[in-house]
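K.L.:
Sharing a structure here in structure tokens format.
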Ligand code: SF4
């Protein structure tokens, strides 16, 4: 199913669409206020982009350095070529400890690898401890945003979910009381868990340590209570030196939520006495993207979500319409790398306005890559026949001044004379269903110009 068809379900609820749009725009405005308060923000973006560019160019060296330093610190390092290997490695670690209870903090990589169903299928209870993640886990849904996984839900939805699963009072959707219920529920899970799984925001080659940023402190609570910590990281999370980290932490939270810094920025370098720390380093298609010159810059992404908050298409179509772990503009660049056919509609889910590129803290040329994917898809024959022929027709039409002039005249006359029900009929003009077309001018610019020159 294409993005536009999936979006139709979301858009059908006009109130929710408007609320979703406005909420994310509010987050975008918070980002702007935080950014304008830092005079050197553009220099930080440039620096972050260059550090990532440098690291991607020497990824093999930095990965080996990271592994050597981590092992020196007593960390168990594992390599996973794909999602299946990642899941098997983690299951194996849990089984070797005869454990069945796991808590997991936010990790898009484990979502990407579908770790939860894999563990549940093998009798392991895995509980997401980030509040938003726990809400969608209870509802058996996928996250709809990188940073705000339950942003598609209203407090009434959360109240109903908690009433069903946590036994809160029916009709209670007071955010404070719901949060307290989640807190009590999760506290018992934290105390019982023997293994804690976390994601990784940054991995430092120089020290062999990993850095995890959260606002709720759930990763730290889980990791510090459990005997075994498993950190799941994509190969692109590396930065060369500890001194590079400040550049990214200053950008990350400001771009994501408008905060100066995430509430917790925790460093895990070596296991505590009697404990184990495992790092699973995952490729899962990343080296393939690294090998695509036009798209490799997408691996600079630090998963702040700013491109989603600003994207007019994402804000009004919802994260689930992308049907990919990472939604929004960056997801539309990453997904065709994984499955060109399945995700062929995503690069078209953009106005190419460039707002995503403007806000990206690591200066990924997102809209340029979206446009490039469209060309790749067209060359590979992965666009619908109707789109292919209409683009071909438009190409010829726009290349002919005579046809363009005549077409404009017909459209202006038709819009003036034809009945409104016809010019705005859903079957003929779906664009105009929720919009009014502008008043057609009496003459084209060319006609006006020719007349003005004569006078
Ligand atoms: S592409 Fe840029 S703006 Fe989008 S999530 Fe990644 S870092 Fe943030």
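K.L.:
For region 268-301: of the residues being surrounded by fewer than 18 Cβ atoms within 10 Å (Cβ to Cβ) and more than 23 Å from residue 54 (Cα to Cα), which is nearest to the ligand (Cβ to nearest atom)?
P.N.:
269
K.L.:
Can I ask one more? What do you reckon, is residue 435 over 27 Å from residue 14 (Cβ atoms) and either without any contact (Cβ under 8 Å) to a residue 12 or more places away in the chain or surrounded by 12 or more Cβ atoms within 10 Å (Cβ to Cβ) (or both)? Full working, then the answer.
P.N.:
Details: over 27 Å from residue 14 (Cβ atoms): no; either without any contact (Cβ under 8 Å) to a residue 12 or more places away in the chain or surrounded by 12 or more Cβ atoms within 10 Å (Cβ to Cβ) (or both): yes.
No; evaluated as a whole, the condition is false for this residue.
K.L.:
Here is a list of conditions, (1) buried (at least 22 other Cβ atoms within 10 Å of the Cβ); (2) in contact with a helix residue (DSSP H, G or I) (Cβ under 9 Å, 6 or more places away or on another chain); (3) under 23 Å from residue 261 (Cα atoms), and residue 215 meets all of them except one; can you say which number that is?
P.N.:
(1)
K.L.:
Now a separate question. Being touching a residue at least 40 places away in the same chain (Cβ under 8 Å) and crowded, with 22+ Cβ neighbours inside 10 Å is the filter; apply it to region 345-358 and report the residue that is farthest from the ligand (Cβ to nearest atom).
P.N.:
345
K.L.:
Something else now. List the helices (runs of 4 or more DSSP H) inside region 20-112, counting only whole elements, that have at least 2 residues being modelled with pLDDT of 95 or more and over 24 Å from the mean Cα position of the chain (by Cα).
P.N.:
On the way: elements: 41-57, 59-72, 83-96, 108-112.
Hits in region 20-112: 59-72, 83-96.
K.L.:
Let me ask something else. Condition check: under 23 Å from residue 334 (Cα atoms) and at pLDDT below 95. Does residue 414 satisfy that? Reasoning before the result, please.
P.N.:
Details: under 23 Å from residue 334 (Cα atoms): no; at pLDDT below 95: yes.
So residue 414 fails the test.
K.L.:
Scan region 183-195 residue by residue and report those that are more than 10 Å from residue 127 (Cβ to Cβ) and under 28 Å from the mean Cα position of the chain (by Cα).
P.N.:
Hits for region 183-195 are 183, 195.
K.L.:
Quick check on region 390-400. Is at least one of its residues modelled with pLDDT of 95 or more, loosely packed, with under 14 Cβ neighbours inside 10 Å and within 16 Å of the ligand (Cβ to nearest atom)?
P.N.:
So far as region 390-400 goes, no, none of its residues is modelled with pLDDT of 95 or more, loosely packed, with under 14 Cβ neighbours inside 10 Å and within 16 Å of the ligand (Cβ to nearest atom).
K.L.:
So, one more: Residue 321: more than 9 Å from the ligand (Cβ to nearest atom) and within 20 Å of residue 48 (Cα to Cα), yes or no? It would help to see each step written out before you state the result.
P.N.:
Numbers: more than 9 Å from the ligand (Cβ to nearest atom): yes; within 20 Å of residue 48 (Cα to Cα): no.
No.
K.L.:
I would also like to ask the following. Answer yes or no as to whether residue 178 is crowded, with 21+ Cβ neighbours inside 10 Å and closer than 21 Å to residue 128 by Cβ.
P.N.:
Numbers: crowded, with 21+ Cβ neighbours inside 10 Å: yes; closer than 21 Å to residue 128 by Cβ: yes.
The answer is yes for residue 178.
K.L.:
So, in region 31-57, how many residues would count as being farther than 17 Å from residue 362 by Cβ and either touching a residue at least 24 places away in the same chain (Cβ under 8 Å) or touching a helix residue (DSSP H, G or I) at 6+ places or on another chain (Cβ under 9 Å) (or both)?
P.N.:
Quick first cut of region 31-57, residues farther than 17 Å from residue 362 by Cβ only: 32-33, 36-37, 39.
Now narrow it down to the ones that are either touching a residue at least 24 places away in the same chain (Cβ under 8 Å) or touching a helix residue (DSSP H, G or I) at 6+ places or on another chain (Cβ under 9 Å) (or both): 32-33, 37.
Result for region 31-57: 3.
K.L.:
For region 306-317, enumerate the residues that are in contact (Cβ under 8 Å) with a residue 60 or more places away in the chain, surrounded by 24 or more Cβ atoms within 10 Å (Cβ to Cβ) and either under 8 Å from the mean Cα position of the chain (by Cα) or more than 6 Å from the ligand (Cβ to nearest atom) (or both).
P.N.:
308, 309, 310, 314, 317
The values are calculated or read from the model by the stated rules, or taken from the named source; none is laboratory data. Given the structure is predicted, the values throughout are model-derived calculations rather than measurements. Cβ: placed from backbone, ideal geometry, glycine included. Neighbour counts: every protein chain shown.
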